1. Tally up the residues in segment B:39-54 that are within 9 Å of DNA strand D (Cβ to nearest atom) and either in contact with a Ser or Thr (Cβ under 9 Å, 6 or more places away or on another chain) or open to solvent by less than 70 Å² (accessible area, probe 1.4 Å) (or both), please.
2. In segment B:90-106, which residue that is without any contact (Cβ under 8 Å) to a residue 24 or more places away in the chain and within 12 Å of chain A (Cβ to nearest Cβ) is surrounded by the fewest Cβ atoms within 10 Å (Cβ to Cβ)?
3. Going through segment B:107-137 one residue at a time, which ones are touching a residue at least 24 places away in the same chain (Cβ under 8 Å) and either more than 17 Å from the chain's Cα centre (by Cα) or at the interface with chain A (Cβ under 8 Å from one of its Cβ atoms) (or both)?
4. Can you confirm whether segment B:70-88 contains a residue that is within 16 Å of DNA strand C (Cβ to nearest atom) and not assigned by TED's automatic domain parsing to the domain that holds B:A18?
5. For a quick check of your reading of the model, give me the residue pairs whose first member lies in segment A:32-48 and is in contact (Cβ under 8 Å) with a residue 24 or more places away in the chain, whose second is within 7 Å of DNA strand C (Cβ to nearest atom) and hydrophobic (A, V, I, L, M, F, W, C), with beta-carbon atoms closer than 6 Å and at least 6 apart or on different chains.
6. Looking only at segment B:142-164, how many residues end up being among the aromatic types (F, W, Y) and assigned to a loop (DSSP other than H, G, I, E, B)?
7. Taking into account only those residues within segment A:1-38 that are within 12 Å of DNA strand D (Cβ to nearest atom) and of a type in the set (D, E), which is surrounded by the most Cβ atoms within 10 Å (Cβ to Cβ)?
2 protein chains.
Amino acid sequence: MTDRLTPRAREIVTAARALLEEAGPDRLTMRTLADRLGIKAPSLYKHFPDKHAVEVELVAQLLTETAEVLEAVEARAPGSLSALAGAYRGHALAHPHLYCLATERPLPRESLPAGLEDRAALPLLRACGGDLDLARAVWAFAHGMVVLEIHGRFPPDAGLDAAWKRGLSAFHP
Amino acid sequence: MTDRLTPRAREIVTAARALLEEAGPDRLTMRTLADRLGIKAPSLYKHFPDKHAVEVELVAQLLTETAEVLEAVEARAPGSLSALAGAYRGHALAHPHLYCLATERPLPRESLPAGLEDRAALPLLRACGGDLDLARAVWAFAHGMVVLEIHGRFPPDAGLDAAWKRGLSAFHP
DNA sequence: GTGTGTGGCTAACGCCGTTAGCCATGACCG
DNA sequence: CGGTCATGGCTAACGGCGTTAGCCACACAC
C-alpha cells in the first residue's frame with residue numbers, strides 16, 4: 001500500500017506536493033525541492049530515478065484522493081450525479097496545480113498502483129447505472145468545466161454554478 | 001487584420017507552428033525555431049519580445065481557425081449542435097499540440113485580436129438558442145472529450161464516438 | 001574490524017530562455 | 001554623392017533547468 005516508497009521517498013513526495021500546491025508547476029524544480037528538504041538536488045536521485053517519477057507519485061495521490069472523495073459521497077448520497085460532480089469539482093479546485101499536473105498529460109498507467117484508475121472511475125460509473133458512454137460523457141463534462149475554470153477560460157463574470165447545473169440536469173433523467 | 005505582424009514575424013510564426021505540430025511543445029524551442037529559419041536564436045528577439053509572444057500568435061491562429069470552422073458548419077447546417085461538435089473535435093484532433101498549447105493555460109486576452117474570443121464562441125451560443133449556461137456546458141463537454149482523448153486518458157479501447165453521441169443527445173432537446 | 005549499502009556532497013554537462021553589444025546592409029535625406 | 005539610421009543578423013555570455021559522475025561518511029552485518 002504505502003510500501004511503494006521508502007520513508008525518505010515519502011518525505012520527498014510530501015515536500016514536492018507542498019511545493020507544487022504553493023508555488024505552481026514552474027517552481028516544482030529538483031533544486032528548489034531539494035532546498036526545501038535541506039539537501040542538494042543530485043541527492044534526490046538516490047531516491048527517485050528522475051523528476052518524472054516524483055510527479056507520478058503526485059498523480060497517484062490525486063487519483064487516490066479523488067477515489068476516496070467520490071466513494072465517501074457515494075456512501076452518503078448513493079446514485080447522485082450532482083453530489084459526485086460537486087465533490088469532484090471541490091477537490092479539483094482545492095488543488096488546482098495538482099489537478100492539472102495529474103490530468104494534462106498521458107496517464108503513466110504502468111507506474112501507477114494496480115486498479116487505481118478503475119477505482120477512481122467506479123463511483124461515477126455506478127451512478128450512471130453502468131452506462132459506460134454516459135459515464136465518459138459526464139466525466140468529460142466535469143473535467144472540461146474544471147480545467148476551463150482553473151485556467152480562467154470562462155469570461156471573468158461567468159456564473160459557473162448555473163452552467164454546472166445546466167450540464168448535470170441534461171445528463172440526469 | 002494580418003498587419004498585427006511584420007512579414008518576417010509571420011514567417012517565424014509559420015515555422016513555429018510547423019515545429020509545434022510536427023515535434024510537440026517540448027521541441028518548440030527558440031533555438032530549434034531559429035535553426036529552422038536559418039538564423040540564430042537571439043535574432044528572434046528582433047521580432048518578438050519573448051517566446052510567449054510567439055505562442056500568443058499560435059493561440060490566435062487556433063482561435064481564428066476554430067471560429068472559421070464553426071462558422072462554416074453553421075452556414076451549412078444551422079442550429080446543429082452535433083455538427084458543431086464534430087467540427088470542433090475534428091479540428092482539435094487534427095492539431096493536438098496546437099490545441100493544447102492554446103487551451104491549457106490562461107487566455108492572453110490582452111494580446112489577442114479584439115473580439116476573437118467572442119467570435120469563436122458565437123456559433124455554439126447561437127446553436128444553444130442564446131442560452132449561455134447551456135453553451136458553456138456543451139463547450140466544457142466538448143473540450144473535456146477532446147483533451148481527454150488527446151492525452152489518452154480514456155481506456156485504449158474506448159469507443160469515443162458513442163460517448164460523444166451520448167453526451168450530445170443529452171444536451172439536445 | 002572490516003566490508004557494504006545508504007544517502008549525502010561537489011563539479012560538471014548540455015540544454016533552455018534571454019541579454020548585451022557588435023556589425024553589415026540598405027533606405028532616406030541633405 | 002555622403003551621412004544617418006533603422007533593420008536584422010551575429011557572438012558571447014548569464015543564470016536556471018534536469019541529470020550524471022564520482023567521491024565520501026556513516027551505520028550496520030558478518
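The values are calculated or read from the model by the stated rules, or taken from the named source; none is laboratory data. Note that the structure is a prediction, hence the values are computed from the model and not measured. All Cβ positions, even for glycine, are placed from backbone atoms using ideal geometry, and neighbour counts span all protein chains on display. SASA here: full protein model, heavy atoms, side chains in, ligands and nucleic acids out. Shrake-Rupley method; radii C 1.70, N 1.55, O 1.52, S 1.80 Å.
1. Qualifying residue count, segment B:39-54: 5.
2. Top of the filtered list is B:P106.
3. If the condition is that a residue be touching a residue at least 24 places away in the same chain (Cβ under 8 Å) and either more than 17 Å from the chain's Cα centre (by Cα) or at the interface with chain A (Cβ under 8 Å from one of its Cβ atoms) (or both), then B:L107, B:R126, B:A127, B:C128, B:L134, B:A137 are the ones that fit.
4. Taking every residue of segment B:70-88 in turn, none turns out to be within 16 Å of DNA strand C (Cβ to nearest atom) and not assigned by TED's automatic domain parsing to the domain that holds B:A18.
5. Once the first residue is in contact (Cβ under 8 Å) with a residue 24 or more places away in the chain and sits in segment A:32-48, its partners that are within 7 Å of DNA strand C (Cβ to nearest atom) and hydrophobic (A, V, I, L, M, F, W, C) give A:L44/A:A34.
6. Taking segment B:142-164 as the starting set, the residues that turn out to be among the aromatic types (F, W, Y) are B:154, B:164.
Subset that is assigned to a loop (DSSP other than H, G, I, E, B): B:154.
Number of matching residues: 1.
7. Restricting to residues being within 12 Å of DNA strand D (Cβ to nearest atom) and of a type in the set (D, E), the top hit is A:D35.
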